[in-house]
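The values are calculated or read from the model by the stated rules, or taken from the named source; none is laboratory data. Given the structure is predicted, the values throughout are model-derived calculations rather than measurements. Cβ placement follows ideal geometry from the backbone for every residue including glycine, while neighbour counts extend to all protein chains displayed. Each accessible area value is taken on the protein alone, full model and side chains, heavy atoms only, with ligands, DNA and RNA left out. Shrake-Rupley method; radii C 1.70, N 1.55, O 1.52, S 1.80 Å.
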Amino acid sequence: MSEMLIKNATVYDPINNINGDMMDIAVKDGKIVDSVGGSAQTIDAGGRLVYPGGVDAHTHIAGSKVNVGRIMRPDDSRLNNKPRTKVTRPRTGYTVPNVYSMGYGYAEMGYTTAFEAAVPILKARHTHEELEEIPIIDKAGLTLFGSNWMVMDAIREDDLDRLAAYVAWGLLASRGWGIKIVNPGGGEAWGFGKNVSGLDDPVPNFEVTPRQIVKQLAEANEKLNLPHSIHLHCNNLGKPGNYETTLATFDVCKDIKSKRDRQSLHVTHVQFNAWGGNHWGDFESKSEPIADYLNKNDFLTIDMGQLVFGSATTMTADGPVQYANARLLKARWSNGDVELEDSSGVTPLEYHPQSYIHGIMWAIGLELALLTKDPWQVLMTTDHPNGGPYVNYPMVMTMLMSQKRREKEMAKIAELTFERTSIAGIDRELDWYDIAIKTRAAHAKVQGIIELGKGHLGVGADADIAIYDIKPDETDATMEFDKVEAAFRHAAYTIKGGEIVVKDGEITAVPKGRTYWVKATAPADGHERMMEDLKMKFKKYYSVNMANYMVQDEYVEHPVVFETGYQ
Amino acid sequence: MQTVTLVPKEQFKISVEAETIKPDNFAGKSADEIGALVAYEGNAPRPLSELFDIKVDGSADAADDVKIEINGNVNRVKRIGEAMTAGLIMINGDVDMRCGAKMKGGTITIKGNADSWVGQEMTGGEINVQGDANYYVGAGYRGEACGMRGGKITVFGNANDFVGEHMCGGEIIIKGNAGIMPGVSNKGGKIVIEGDTDMPGSEMTKGTIIVKGTVKDLMPVYQREGIEAIDGVEFTKYVGDVVVDGVGELFVK
């Protein structure tokens, strides 16, 4: 492959402590190197902003529920359409774009890696078929374990080795990256039209509690020495007053020691569960106690799940919350059943600035990011497409960087919002370095992919580089937010693995991305007990034959396997 | 006043998507400039000059001073007048689907028949169909929460099923008969059917439907409210659809 030299770049690379230094970046064979020869292709960045390629640690870009969203929303496929070009296919859709548009949209914003945050084991084949067709970006999927029969049986019998063996099998079977837990226990209860109400509410027929599920999966996660921690969507999400459950859930993992240089708990889209009040009438923000907890504890990280006004398609493995949403809003809804595993729900909705409920939700996401002191602890996401589509990330970045920009948005929002939140009084403005943390460095750290060369620009890292048409030393991001947003929206260059894939905001090449997955060695005796149990369950309860089931290598054409072992 | 005359060069076999044909795009342009605008025949972009003979008389500064006259058969040309804001389009023949979709202002007159989704999601302006209209007059396209939101559609002939589906505002008048389920899932606006229809107003939460002819089958989801006179004629007034807590008004003779 060719060599490339990016000259005069103003670089922000938090993992390597580079804070706005003017430097050159050399690329050879898709990796960052010390230097290249004189014949290398040269890009003169001319002092413009250079970040590592963006990483999205939590998004919903592939799999059956995304596809259900597409089927449910023919109206969405009329939005954001772009005709084909010489290199790209036609693009449709805003909240649930077509498969190709997913990759193009990320690349245009300088993003090069994204994690699909919920893969049910039985639907993993479909997920990988879609991931494979998403162009340009590298991908991975987090496998759902929070309401699986196998998980709950092992936990009830307090058999940690068997649980770890099942997790290892589940990651292999789904070619997954880590443990995702959604509304622990609630997905199973939903099979009987019920839910669990808190950490100590036993799951019907299993007599295990969400507390046990979270704790033991976190322990199994460390036993297997997985690159990522458990990735948790708390109980009671989407209900006023749920911040107490959230805080109690944090505490469950307080004493779990992480084996790697990362958190031992990642709690996702916390905007949806930092809510106070007893009902929608006295609904209010409780981001302060959440941020306060984060400021006092460093074992956990969260992501924002920022709300963006306008159309959204909510999709989550939390079936009961979606049913409640759909009834409340008289909206369409669909339920995805995956047999003994989790069950998802999909509901389209519209966020209105004039609704104080939506206004408060909008404020909570920003409050979480701005009240938490350590930028590494709060990742910027919109929980695409739940809080809003990922194409709005540039707007969210400017909201974090500029109080003026927030004030402009606040002018549109229902007044009651500001009595029930503290957003109007927050004057913190993040800088270019903080944004690099919140949109790439911390995502890579949280997901444990730094050692794979992602999220930074150190020698040996993947040459995933974003050059934005803005000069940090000449631009006051707190005032010129429109200019900053435009620059983030259309990268001047996106370089993926040493190849220019975006130039001046237009897609110029569509290489295939890779898929990361984890191959974990299971404890031997646990593995035997687990397989016996699993074979019995497939035979007795699944409609799919176990012999027919497993994501074969053919489904993952560009794999990167991360091997780890039981300790 | 600028008059633009379009005559199709052939009977199109593949449908043409011609949302470029509207006064907003033609105002002040010469025949050559108009001919350079692009429509899609199937998946192939074609300049209008390849599809139509174009003649321009006079000139105009703004769309409201433009009249487009289409002479000939455009029954395979879709989306004429889409999102137009002002001016006049006269179609001397039949027209294909989605004519006047998302229209904001101005007037479209169709001398022949209109295919489905005439005035789909329009917010203003006026459409007159002198012949018949097919399905979904003034409705929303697949999955849309709101169809027509404003403006007026008059069909002088008959209309097919689902007139004004998901309508949120505006007015539709059908001088002839309408097919089944006019005003399904309506949230506002007014539909007047001078002829007969079947099963009007199911899932309607708001809005008004007046049927001057016969209702073949009245859905059992309407509550009778008594007799009320409209323009001196007595109608039975119903309120519903009660299944969806609707307060829509349905007047039946």
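For chain B, the orientation-averaged shadow of the C-alpha convex hull comes to 13.1 nm² (one quarter of the hull surface). Rounded to whole numbers, the Karplus 3J(HN,Hα) couplings from phi for the stretch A:386-396 are 6, x, x, x, 4, 5, 8, 3, x, 5, 5 Hz, using 6.51 cos²θ - 1.76 cosθ + 1.60 with θ = phi - 60°, and x at Gly and Pro.
Using the Cβ-Cβ distance between B:Ala62 and B:Val38 with R0 set to 25 Å, the FRET efficiency from 1/(1 + (r/R0)^6) comes to roughly 0.65. Applying 1/(1 + (r/R0)^6) with R0 = 22 Å to the Cβ-Cβ distance of A:Glu157 and A:Tyr541 gives a FRET efficiency near 0.80. Need one word for the stretch B:80-136: rounded, prolate or oblate. Basis is the Cα gyration tensor (sqrt eigenvalues a ≥ b ≥ c); a/c below 1.5 gives rounded, then a/b vs b/c decides. Because a/c hits 1.5 or more and a/b fails to exceed b/c, the stretch B:80-136 counts as oblate. Kirkwood analysis of the stretch B:47-118, using all unique Cα-Cα pairs, places the hydrodynamic radius at 12.6 Å. Measuring spread by the Cα atoms of the stretch A:202-252 yields a radius of gyration and Dmax of 12.4, 36 Å. Computed with every protein chain present, the accessible area of A:Ile6 is close to 0 Å² [probe 1.4 Å]. Label-to-label distance, A:Ala248 versus A:Asp553, with points set 7 angstrom from Cα along the beta-carbon direction: 4.8 nm. Here the simple spin-label model places points 7 Å from the Cα toward Cβ, and for B:Asn92 and A:Arg78 these points are separated by 3.2 nm. Taking all Cα pairs closer than 8 Å and separated by 6 or more residues, the relative contact order of chain A comes to 21 percent. Quick note on the stretch A:163-301: its Rg to Rh ratio, both from C-alpha atoms and Rh being the Kirkwood radius, is 0.98. In the stretch A:248-331, the inverse of the mean reciprocal separation of distinct Cα atoms equals 15.1 Å; this is its Kirkwood hydrodynamic radius. Loop sites only, by DSSP: take the chymotrypsin sites (Phe, Trp or Tyr not before Pro) in chain A that have at most 13 other C-beta atoms within 10 Å and name the longest stretch containing none of them. Looking at chain A, A:193-540 is the longest stretch - no exposed chymotrypsin sites (Phe, Trp or Tyr not before Pro) with at most 13 other Cβ atoms within 10 Å.
The Stokes-Einstein estimate for the stretch A:501-550, based on a Kirkwood radius over Cα pairs and taken at 25 °C with 0.890 mPa s viscosity, is a diffusion coefficient of 163 µm²/s.
Counted over chain A, the DSSP beta bridges are approximately 50% antiparallel. Secondary structure note: in the stretch A:427-567, about 55% of the DSSP beta bridges are antiparallel. Here is the tail figure for the stretch B:1-68: Cα pairs spaced more than 17 Å apart come to 36 percent of all pairs.
Near B:Phe52, the amide H atoms lying under 5 Å from its own belong to B:Lys9; only residues 5 or more places off or on other chains count, and H is placed 1.01 Å from N. Rg and Dmax over the alpha-carbon atoms of the stretch B:72-216 stand at 13.3, 42 Å.
Quotient of the Cα radius of gyration of the stretch A:1-132 and 2.2 N^0.38 Å, N being its number of residues: 1.33. I want to make sure I understand the PRE zone here: with the label point 7 angstrom from the Cα of B:Gln223 toward its beta carbon, which residues in the stretch B:187-217 have backbone N atoms less than 16 Å away? Zone members listed by number: B:203-207.
Using the Karplus relation 6.51 cos²θ - 1.76 cosθ + 1.60 with θ = phi - 60°, the per-residue 3J(HN,Hα) values for the stretch A:468-485 come to 10, 7, 7, 9, x, 6, 10, 10, 8, 5, 6, 10, 8, 5, 5, 5, 5, 4 Hz, with x marking Gly and Pro. Largest accessible area first, the residues A:Asp34, A:Asp138 order themselves as A:Asp34, A:Asp138 under a 1.4 Å probe with ligands, DNA and RNA left out.
Tell me, which longest segment in chain A has none of the GluC sites (Glu not before Pro) that fall in DSSP loops with at most 13 further Cβ atoms within 10 Å? The answer is A:208-414. Taking amide hydrogens as placed 1.01 Å from N in the peptide plane, the amide H of A:Thr42 sits under 5 Å from those of A:Leu5, each at least 5 positions away in sequence or on another chain. Which of rounded, prolate, oblate describes the stretch A:89-228, given a ≥ b ≥ c as roots of the alpha-carbon gyration tensor eigenvalues and a/c under 1.5 marking rounded, otherwise prolate only if a/b is larger than b/c? Since a/c reaches 1.5 and a/b is larger than b/c, the shape of the stretch A:89-228 is classed as prolate. In the stretch A:247-290, Cα pairs under 8 Å separated by at least six residues give a relative contact order of 26 percent.
Using a simple spin-label model with pseudo-atoms 7 Å out from Cα toward Cβ, A:Asp427 and A:His352 lie 3.5 nm apart. Note on the protein assembly as shown: percent of Cα-Cα distances in each 20 Å bin, starting at 0 and stopping at the bin with the largest distance, equals 15, 40, 34, 11, 0.
Between the stretch A:116-165 and the stretch A:550-564, the alpha-carbon centres lie 14 Å apart. Whole-percent P(r), the stretch A:336-414, all Cα pairs, 10 Å bins from 0: 15, 43, 27, 12, 3. Only Cα pairs under 8 Å and 6+ residues apart enter the sum, and on that basis the relative contact order of the stretch A:1-111 stands at 21 percent.
The HN-Hα couplings worked out from phi for the stretch A:319-335 by the Karplus form 6.51 cos²θ - 1.76 cosθ + 1.60 (θ = phi - 60°) are x, x, 5, 5, 4, 4, 4, 5, 5, 4, 9, 6, 9, 5, 7, 9, 10 Hz, whole numbers, x standing for Gly and Pro. Stretched out straight at 0.36 nm per residue, the stretch from A:Asp21 to A:Thr478 would grow longer than its current Cα-Cα span by 162.5 nm. Each semi-axis of the equivalent ellipsoid for the stretch A:169-230 is √(5λ) with λ an eigenvalue of the Cα gyration tensor; in descending order they amount to 24, 13, 9 Å. At the listed q of 0.13, 0.19, 0.20, 0.24 Å⁻¹, the Debye profile of the stretch B:192-253, built from one uniform point per Cα, gives log10 I(q)/I(0) equal to -0.28, -0.61, -0.67, -0.96. Residues whose amide H lies under 5 Å from that of B:Asp196, counting only those 5 or more places away or on a different chain, are B:Asn177, B:Ala178, B:Thr214; hydrogens are built 1.01 Å from N in the peptide plane.
Take the Cβ atoms of A:Thr521 and A:Glu207, set R0 to 22 Å, and the FRET efficiency comes out at 0.10.
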